[in-house]
Amino acid sequence: MPPTSARDPVDRVLRLAAESAVVIFSVSSCCMCHALKRLLCGMGVSPTVYELDHDPRGKEIERALMRLVGPTAPPVPVVFIGGKLVGSMDRVMASHINGTLVPLLKEAGALWL
């Protein structure tokens, strides 16, 4: 029988988030998800994207993301940089505007410039 943490969706999300420098949990039909992917790709980042509507466990992951970001934030898109939760679109855009996004990306090894 696997340990409890292996079955916990939040632990699974955190494990997936730690596997790449930038991870986006997304839904393919979501315009905010699309805009976020375009922003990061336009900066030269190659994020790992998990499209939850293409994953058989997508709804379970979405519920885990809601537990991580809180009930008032939309469940997608959610971004992790360097294994750390940055948050949804509003948090990523705020970081981009205030100049803290690029240093985060550089520190995680997602940007080299």
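The values are calculated or read from the model by the stated rules, or taken from the named source; none is laboratory data. Computed from a predicted model, the values in this text were never measured in an experiment. Using ideal geometry, Cβ is built from the backbone for each residue, glycine included, and neighbour counts are taken over all protein chains shown. What goes into the accessible areas is simple: the full protein's heavy atoms, side chains included, and nothing from ligands, DNA or RNA. Shrake-Rupley method; radii C 1.70, N 1.55, O 1.52, S 1.80 Å.
Side notes on the structure shown:
- Spin-label model distance (nm) - A73 vs V102, 7 Å beyond Cα toward Cβ: 2.4
- Among I61, I24, I97, the largest mean-square fluctuation in a Gaussian network model of the chain, built with springs joining Cα atoms closer than 10 Å, belongs to I97.
- For the chain, the share of accessible area belonging to carbon and sulfur comes to 59 percent (1.4 Å probe, ligands and nucleic acids excluded).
- Comparing K84, K37, K59 in a Gaussian network model of the chain, where Cα atoms under 10 Å apart are tied by springs, the biggest mean-square fluctuation is seen for K59.
- Here region 31-45 is scanned for amide nitrogen atoms under 16 Å from the site 7 Å beyond the Cα of W112 along Cα-to-Cβ, giving 43-45.
- Counted over the chain, the DSSP beta bridges are approximately 65% antiparallel.
- Computed from backbone phi with θ = phi - 60° and the Karplus coefficients 6.51, -1.76 and 1.60, the 3J(HN,Hα) list for region 27-35 is 10, 4, 8, 8, 5, 5, 4, 4, 4 Hz; x is used for glycine and proline.
- Averaged over its residues, the chain has an accessible area of 56 Å² per residue, based on protein heavy atoms and a 1.4 Å probe.
- For region 1-100, the set of chymotrypsin sites (Phe, Trp or Tyr not before Pro) satisfying both a DSSP loop assignment and a count of at most 14 other C-beta atoms within 10 Å is empty.
- Label-point separation, L16 to R63 (7 Å along Cα→Cβ), nm: 1.5
- Dividing the mean sequence gap of close Cα pairs (under 8 Å, 6+ apart) by how many residues the chain holds gives a relative contact order of 30 percent.
- Percent of Cα-Cα distances greater than 26 Å, calculated over the chain: 15
- The angle between the Cα long axis of helix 58-69 and the longest principal axis of the Cα atoms of the chain comes to about 60 degrees, rounded to the nearest 10.
- Degrees between helix 89-98 axis and first principal axis of the chain (Cα, 0 to 90, nearest 10): 30
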